Amino acid sequence: MTTSRKVSFSAMALSLAMVFAGCGSQDSDPSGDPTSKGASETTDGASTPADWNEVKIDVARVYVPPDWAILSQRDNAASVAVAKDDLGLIPGSGTMGSGVNSPSGDLKANIDDATEFHLETFRGDPNIKNVKRLPDVTINGVLLSHIQWEKETSWDSEYITVTTDLQSVITIGWGFTKSDLDRKGSQDLIDPVMETFELL
């Protein structure tokens, strides 16, 4: 990626991330090497329930439960809100966005480049702590990196991949309020949706 395109896409991804940053227990989960890439985990994805709704951008899609709200859906960005809790509050939300990639090397190298750029950006923000790269995941044949961080009031995470033609970077971001959920609780909501992820 060229610097200008990196900055342009990162700005878009970060602005999307901020949509849900204020939106999981008090466990800060600071353990682990923040740059550890670990082993890749594979998910084949169970069949999507018939009543789940498609959330689609130009190059990818996921499906969300029927009680989740689709807040916006455009060619290169979409956002959703998790179902309201027992108090009528929305505990979290997610975004999916695509941006132009400047190919260099193979698919894995492109994913790593985009991921490292995001890691550096998050580490440079004084309001963000415990930034780390978790093991990569493969969902329905698609390799994605997985970043996790937190703010004072939110648990946040992000998945990053690149289309097979190396032309587009895709970011799926999640944010949950600490007052509503712990980190595991937020991941329990994320996982079933991420298992439906696929490239178009």
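If you roll a 1.4 Å probe over segment 73-177 with all protein chains in place, what percent of the accessible area is carbon or sulfur? Mind dumping the intermediate values first?
Values: 2000 of 3860 Å².
Roughly 52 percent, rounded to a whole number.
Hey, any idea what Rg/Rh is for segment 53-199, computing Rh the Kirkwood way over Cα pairs?
That ratio equals 0.96.
Each residue of segment 160-173 in order: what ³J(HN,Hα) in whole Hz does its phi give by Karplus 6.51 cos²θ - 1.76 cosθ + 1.60, θ = phi - 60°, with x for Gly and Pro?
Once θ is set to phi - 60°, the couplings for segment 160-173 become 10, 8, 10, 5, 4, 8, 6, 8, 10, 9, 10, 10, 10, x Hz.
From largest accessible area down, sort 152, 120, 158, 54; use a 1.4 Å probe on the protein chains.
The ordering from most to least exposed comes out as 152, 120, 54, 158.
Calculate, for segment 53-199, the solvent-accessible area per residue in square angstrom, rolling a 1.4 angstrom probe over the heavy atoms of the protein chains.
With the other protein chains kept in place, segment 53-199 gives 39 Å² per residue.
Select from 196, 163, 145 the residue farthest towards the positive end of the dipole of segment 53-199; place +1 on Cβ of Lys and Arg, -1 on Cβ of Asp and Glu, and compute about the Cα centre.
145
Once a ≥ b ≥ c are taken as the square roots of the eigenvalues of the Cα gyration tensor of segment 117-200, is the result rounded (a/c under 1.5), prolate (a/b larger than b/c) or oblate (a/b not larger than b/c)?
oblate
For residue 184, tell me the accessible area in Å² from a 1.4 Å probe, rounded to the nearest 10.
Its heavy atoms expose roughly 130 Å² to the probe.
Please list 136, 75 in order of solvent-accessible area, largest first, computed with a 1.4 Å probe with all protein chains present. Let's see the in-between values first.
Values: 136 10, 75 120 Å².
Ranked from most to least accessible, the order is 75, 136.
The values are calculated or read from the model by the stated rules, or taken from the named source; none is laboratory data. Given the structure is predicted, the values throughout are model-derived calculations rather than measurements. No Cβ is skipped: glycine too gets one built from the backbone with ideal geometry, and neighbour counts run over all protein chains shown. For accessibility, only protein heavy atoms count, side chains too; no ligands or nucleic acids. Shrake-Rupley method; radii C 1.70, N 1.55, O 1.52, S 1.80 Å.
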